[in-house]
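The values are calculated or read from the model by the stated rules, or taken from the named source; none is laboratory data. Computed from a predicted model, the values in this text were never measured in an experiment. We place every Cβ from the backbone using ideal geometry, glycine too, and count neighbours over all the protein chains shown. Surface accessibility is based on the protein's heavy atoms, side chains included, excluding ligands, DNA and RNA. Shrake-Rupley method; radii C 1.70, N 1.55, O 1.52, S 1.80 Å.
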Amino acid sequence: VDAFQAWCGPCKTVVDLFRKIRNEVGSDLLHFAVAEVDSIDALEKYRGKCEPLFLFYAGGELIAVIRGVNAPLLQKTILEQM
């Protein structure tokens, strides 16, 4: 989940990376989403941050958080968590 605030928008620079990984892996287990933290009470603790934030969930549980755009770390985390 790309968690963002409305004033800065979702991190568009990683959309291509997500598409590439999804195409390479081709797994029905892998899903990407964006969430505006200003409108989701469960994500309130992520408000007020001026940095991209990526939340990794498995089985409904938060399993990893990456702050900032680090394409190699994002890719590594996605593949490790699968």
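The rows are residues; the columns are (1) out of contact with any strand residue (DSSP E or B) (no Cβ under 8 Å at 6 or more places or on another chain); (2) among the basic types (K, R).
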site: Q5; (1), (2): no, no
site: L17; (1), (2): yes, no
site: N23; (1), (2): yes, no
site: S27; (1), (2): yes, no
site: H31; (1), (2): yes, no
site: Y46; (1), (2): no, no
site: A64; (1), (2): no, no
site: V69; (1), (2): yes, no
site: K76; (1), (2): yes, yes
Report, by residue number, each residue of the range 1-22 that is open to solvent by 90 Å² or more (accessible area, probe 1.4 Å) and under 18 Å from T77 (Cβ atoms).
-> T13, D16, R19, K20
Selection from the range 14-62 of residues that are β-branched (V, I, T) and more than 21 Å from Q81 (Cβ to Cβ) | V37, I40
Can you pull out the residues in the range 26-44 that are of a type in the set (S, T, N, Q) and either modelled with pLDDT of 85 or more or closer than 11 Å to V1 by Cα (or both)?
-> S39
What are the residue pairs meeting all of these: first residue in the range 57-82, first residue touching a residue at least 12 places away in the same chain (Cβ under 8 Å) and in a loop (DSSP other than H, G, I, E, B), second residue surrounded by fewer than 12 Cβ atoms within 10 Å (Cβ to Cβ) and of a type in the set (V, I, T), Cβ atoms under 7 Å, and 6 or more apart or on different chains?
-> V69/T13
Taking into account only those residues within the range 23-46 that are closer than 18 Å to L74 by Cβ and in a helix (DSSP H, G or I), which is least open to solvent (accessible area, probe 1.4 Å)?
-> Y46
Taking the range 51-82 and keeping residues open to solvent by less than 50 Å² (accessible area, probe 1.4 Å) and on the phi > 0 side of the Ramachandran plot leaves G68
